[in-house]
Amino acid sequence: MIPVYNRVTYLERTLRSVLSQDPGAEEMQIEVVDDASSLGDPEALVRRVGGERVDFVRQPRRLGGIANWNSCIERSLGEWVHILHSDDVVFPGFYRCLKAGLEGRDDVGAAFCRYAHIDENERWRAISELERPTPGVLAGFIYKIGARCRIQCASMVVRRSVYEKLGGFRTELSYAADWEMWVRIAAHYPVWYEPATLAAFRKHSTSWTVAFVRSAEDVVNERRCIAVIRQLLPPDQAESVSRKARENVAHLALSNAYDALGKGEFTAVLKQVWEGLKCSASPRVVIRAILLLPGWIARHVMRSAFTAGKR
């Protein structure tokens, strides 16, 4: 299930990555769900690339990103649901490897693989942490996923009956809705892991992620998410895991702030630091925030001087 809205730049690459390992219509549904796009023509692209093999549906009105994901779940027909964003990709072997690992495992609620972070030009920028060296169920995964979102949608498949039992993504969490869902699943079902890198999450200048980082709404939503997922954690570990989660989000906010500083996005720097400190004021977080200040002042002064000189 491929949700799309107003962005078709990478949709062809996404579709071809799926079609290159298509087992056939009898085994796999492939559908693009357009959230009433006002830009581009995703249907024309789908017809050109996928012909009749790929279904296309356009929402009668704009639902919003997370609600469109839930629509994808409702429209899905198979036993397993893979929500693949229109700028992400799967690599050869994704479906075959996960299918092989999950055969006979009726207890497993979801499965994911290791994944890469790629840019606009398909260059690998990072790779997700290795959860275990061999395929299998992740022991104690609720504690790890509760402390940090370790999964991207491109790498995750979920049993449709699990969505039906636990419900869809929480729309009020927006940016962090996937994190809460993965914790919710891990709280109720075993989660399978494939260590091969078989999917990629794309980060680019027009992505949803970049827009959230500039406004620091990513941190705001993650802080809300931590409060929600605390209720899903084992009671004896809920406080310690939540505290670790808040510190992890704070450090991520400061990393975003350093990236924004390098780009001269001074407002984003301040927003990320401010929201990060709301998550955690641990000594390590505070020290990193303080070390960022001289760089922010220097860059801000240089920009002001350059602007004045142009006048």
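The values are calculated or read from the model by the stated rules, or taken from the named source; none is laboratory data. Nothing here was measured: the structure is a model prediction, and the numbers come from that model. Neighbour counts run over all protein chains shown; Cβ positions are idealised from the backbone, glycine included.
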With of a type in the set (D, E, K, R) and surrounded by fewer than 18 Cβ atoms within 10 Å (Cβ to Cβ) as the only criterion, which of D34, D41 stands out?
D41
If we keep just the residues of region 5-27 that are among the hydrophobic types (A, V, I, L, M, F, W, C) and farther than 20 Å from N121 by Cα, which is nearest to the chain's Cα centre (by Cα)?
L19
Scan V33, V90, V4 and give me the residue that is modelled with pLDDT of 95 or more and in contact with an Asp or Glu (Cβ under 6 Å, 6 or more places away or on another chain).
V4
Is there a residue in region 124-141 that is among the basic types (K, R), modelled with pLDDT under 95 and surrounded by fewer than 15 Cβ atoms within 10 Å (Cβ to Cβ)?
yes
Among the residues of region 45-52, are any part of a loop (DSSP other than H, G, I, E, B), over 26 Å from A110 (Cα atoms) and in contact with an Asp or Glu (Cβ under 8 Å, 6 or more places away or on another chain)?
no
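Residue by residue, here is whether (1) among the charged types (D, E, K, R); (2) over 17 Å from the mean Cα position of the chain (by Cα) holds:
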| position | (1), (2) |
| --- | --- |
| F94 | no, yes |
| L98 | no, yes |
| S128 | no, no |
| R132 | yes, yes |
| G136 | no, yes |
| I142 | no, yes |
| R150 | yes, no |
Counting only residues in region 168-198 that are under 18 Å from R105 (Cα atoms) and part of a helix (DSSP H, G or I), the one farthest from the chain's Cα centre (by Cα) is identified as H188
Region 196-252, subset hydroxyl-bearing (S, T, Y) and closer than 27 Å to G64 by Cα, residue surrounded by the most Cβ atoms within 10 Å (Cβ to Cβ)
S207
Go through region 89-107 residue by residue and tally those that are surrounded by 19 or more Cβ atoms within 10 Å (Cβ to Cβ) and among the basic types (K, R).
0
Which residues, counting only those in region 193-250, are among the hydrophobic types (A, V, I, L, M, F, W, C) and closer than 30 Å to G93 by Cα?
A196, L198, A199, A200, F201, W208, V210
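Going through region 135-148 one residue at a time, which ones are under 12 Å from W182 (Cα atoms) and either touching an Asp or Glu at 6+ places or on another chain (Cβ under 7 Å) or without any contact (Cβ under 8 Å) to a residue 24 or more places away in the chain (or both)? Don't jump to the end; show me each part of the working.
Start the filter on region 135-148 by keeping residues that are under 12 Å from W182 (Cα atoms), which leaves 141-148.
The one that is under 12 Å from W182 (Cα atoms) and either touching an Asp or Glu at 6+ places or on another chain (Cβ under 7 Å) or without any contact (Cβ under 8 Å) to a residue 24 or more places away in the chain (or both): K144.
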